[in-house]
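See below for the structure under consideration.
The values are calculated or read from the model by the stated rules, or taken from the named source; none is laboratory data. These figures come from a predicted structure and were not determined experimentally. FYI the Cβ positions are ideal-geometry reconstructions off the backbone, even for glycines, and counts take in every protein chain you see. Calculation scope for accessible area: heavy atoms of the full protein, side chains included, ligands and nucleic acids excluded. Shrake-Rupley method; radii C 1.70, N 1.55, O 1.52, S 1.80 Å.
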Amino acid sequence: MKRKKVVILGSTGSIGTSALKVAQEIPERMEVVGLAAANSVSSLAQQVRETGVKHVAIYNESKESELRAAIPNDVKIYTGLEGLVELSRLEGADMVLVSIVGTAGLYPALAAIEEGKELAVASKEILVMAGELVMGAAAKKGVKVLPVDSEHNAIFQCLDGHRGGEKEISRLILTASGGPFRTWEANRLEGVQLEQALKHPTWEMGRKITIDSATLFNKGLEMIEARWLFDVEMDRVDVIVHPQSIVHSMVEFIDGSVLAQLSTTDMCFPIQYAVTWPERVSNGLKPLNFAELGKLEFEAARRDVFPAIDLAVRAGSVGGTLPAVLNAANEVAVDAFVDRKIGFTDIWRLVGQTMDAHTVGRGITLDELIKADADAREYAASLV
């Protein structure tokens, strides 16, 4: 198979840097042809020099001159949201990997689909906010949407080659580490400080996703994402807490059989499979040593203590504009918590109140979803 040419949106974040590591590991199968970041000029410039790419985007338009001074003159710079969209349409690129936090990745994702490029999704917001729209557009263009999140990539691997279709799926079981407060009593969560919420027990990730993991909103968003990626109803998407984060997710079939995907905790595994699919190639990543692991533990998610899961199930079941509202309100709430304007448990309250106040629309157009997103942000901000 030929080498795949990949554009990475969000190249300076944890997923982006892992993707660049994969490209270095399998240069015969992956070539990076475009990079984009929000603000990190120095990191982006270093990546440009290391990869030799000729196309780069910076979301913060005020950083363009700083970036221009830091990279070779023959590198083309794109700026703002329009720049991300233009980079997603880059001629000759085979795949666009979207790992941008928030809703900014939606437009370039749709642009990549329109150009017939494979879409590798690491930004939950794309499918949470506009799952029906994105998957519908992909189906219309015959474009493959490949999940990069470890949980969804695991399900994708378990279903790869399965010919029975979604009717043979009993449950998609997403595993959750449980976050840093997995064993805490509910009354202790009222006093959680930002520094505590940022200490994830397993993964090293960006600030937003780390806090989402602490509230379990990350898992709730993943449930909605799985609903669209694999075309199943929300009542067939489940969560189990698995502190070791070795089993990345499972699929239970109607005959009671369960397939699971396991690997060490390294995001390079799902990124590589998304790039090389439908083939597998060798690499230097650390394999599992079951003797060292000793045991794998599982326990039920405490939905009464962590209401994010039930809020997400409600949003995903109702559909329409409600998932976009859930996502927008959560982003506002997390920002407010980071700024120490609200407490940790207020994140759930603020999201729930914003959902309660929203009049659900069908959510079948991008304009409708964008308006719902904006209205939810405004309402959530007023609660702060």
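Of all residues in segment 172-198, those satisfying the criterion of being in contact (Cβ under 8 Å) with a residue 12 or more places away in the chain and outside any loop (DSSP other than H, G, I, E, B) are Leu172, Ile173, Leu174, Thr175, Ala176, Ala186, Leu189, Leu194, Gln196, Ala197. Of the set (1) in contact (Cβ under 8 Å) with a residue 40 or more places away in the chain; (2) open to solvent by less than 10 Å² (accessible area, probe 1.4 Å); (3) closer than 30 Å to Leu350 by Cβ, all apply to Pro201 but (2).
The residue pairs whose first member lies in segment 266-284 and is in contact (Cβ under 8 Å) with a residue 24 or more places away in the chain, whose second member is among the acidic types (Asp, Glu) and open to solvent by 40 Å² or more (accessible area, probe 1.4 Å), and whose beta carbons are closer than 6 Å, counting only pairs six or more residues apart or on different chains, are Asn283/Glu25. Hey, does segment 193-211 have a residue that's touching a Leu at 6+ places or on another chain (Cβ under 9 Å) and farther than 20 Å from Cys268 by Cβ? There is at least one residue in segment 193-211 that is touching a Leu at 6+ places or on another chain (Cβ under 9 Å) and farther than 20 Å from Cys268 by Cβ.
The set of residues in segment 251-308 that are assigned to a loop (DSSP other than H, G, I, E, B), open to solvent by less than 20 Å² (accessible area, probe 1.4 Å) and under 16 Å from His152 (Cα atoms) contains only Ser263. Scanning segment 349-366 for residues that are assigned to a helix (DSSP H, G or I), over 17 Å from Glu125 (Cβ atoms) and open to solvent by 20 Å² or more (accessible area, probe 1.4 Å) gives Arg349, Gln353, Asp356, Ala357. Applying the set (1) under 19 Å from Ser150 (Cβ atoms); (2) touching a strand residue (DSSP E or B) at 6+ places or on another chain (Cβ under 7 Å); (3) not small (Gly, Ala, Ser) to Ile211 leaves exactly one unmet item: (2). The residues of segment 1-16 that are open to solvent by 10 Å² or more (accessible area, probe 1.4 Å) and either touching a residue at least 40 places away in the same chain (Cβ under 8 Å) or within 22 Å of Met205 (Cβ to Cβ) (or both), listed by number, are Met1, Lys4, Lys5, Gly10, Thr12, Gly13, Ser14, Ile15.
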